[in-house]
Amino acid sequence: MKWHQIELEWAVFAGSARAHWQELTEQDWQTSTGNKEQLIERIQERYGVSKEAAEKQVDEWSGALLELSEVSG
């Protein structure tokens, strides 16, 4: 799934993201609103990980969404 699709349908995917990264605050979610770079920055800050680690988490999460959409589609 291309990130552009996730961003366009953020309301659909936000619940999954919130469940995955529970340490992010409401302010973090309002700031990121589906923007990949913003989400990566927030994950870095809250979880104390490198940018590369945060990118990997986001890529794995979005990859899992793609697998789910292919199975259900």
Taking the stretch 15-57 and keeping only residues that are among the aliphatic types (A, V, I, L, M), surrounded by 13 or more Cβ atoms within 10 Å (Cβ to Cβ) and within 19 Å of GLU67 (Cβ to Cβ), one is left with ALA17
Residue by residue through the stretch 1-24, note down the ones that are outside any helix (DSSP H, G or I) and either modelled with pLDDT of 95 or more or under 13 Å from GLN57 (Cα atoms) (or both).
-> TRP21, GLN22, GLU23, LEU24
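Here is a yes/no grid of residues against (1) modelled with pLDDT of 95 or more; (2) closer than 15 Å to GLU7 by Cβ; (3) assigned to a helix (DSSP H, G or I):
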residue: GLY34; (1), (2), (3): no, yes, no
residue: GLN44; (1), (2), (3): yes, no, yes
residue: ALA54; (1), (2), (3): yes, no, yes
residue: SER62; (1), (2), (3): no, yes, yes
residue: GLU70; (1), (2), (3): no, no, yes
Scan the stretch 24-56 for residues that are among the acidic types (Asp, Glu) and within 13 Å of the chain's Cα centre (by Cα) and jot them down.
-> ASP28, GLU37, GLU41, GLU55
Looking only at the stretch 2-14, count how many residues are open to solvent by less than 50 Å² (accessible area, probe 1.4 Å) and not β-branched (Val, Ile, Thr).
-> 4
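The values are calculated or read from the model by the stated rules, or taken from the named source; none is laboratory data. Bear in mind the structure is a predicted one, so any value in this text is a computation, not a measurement. A quick note on method: Cβ atoms are made from the backbone with ideal geometry, for glycine too, and the neighbour counts reach across all protein chains shown. Just the protein is used for accessible areas: all its heavy atoms, side chains included, with ligands, DNA and RNA removed. Shrake-Rupley method; radii C 1.70, N 1.55, O 1.52, S 1.80 Å.
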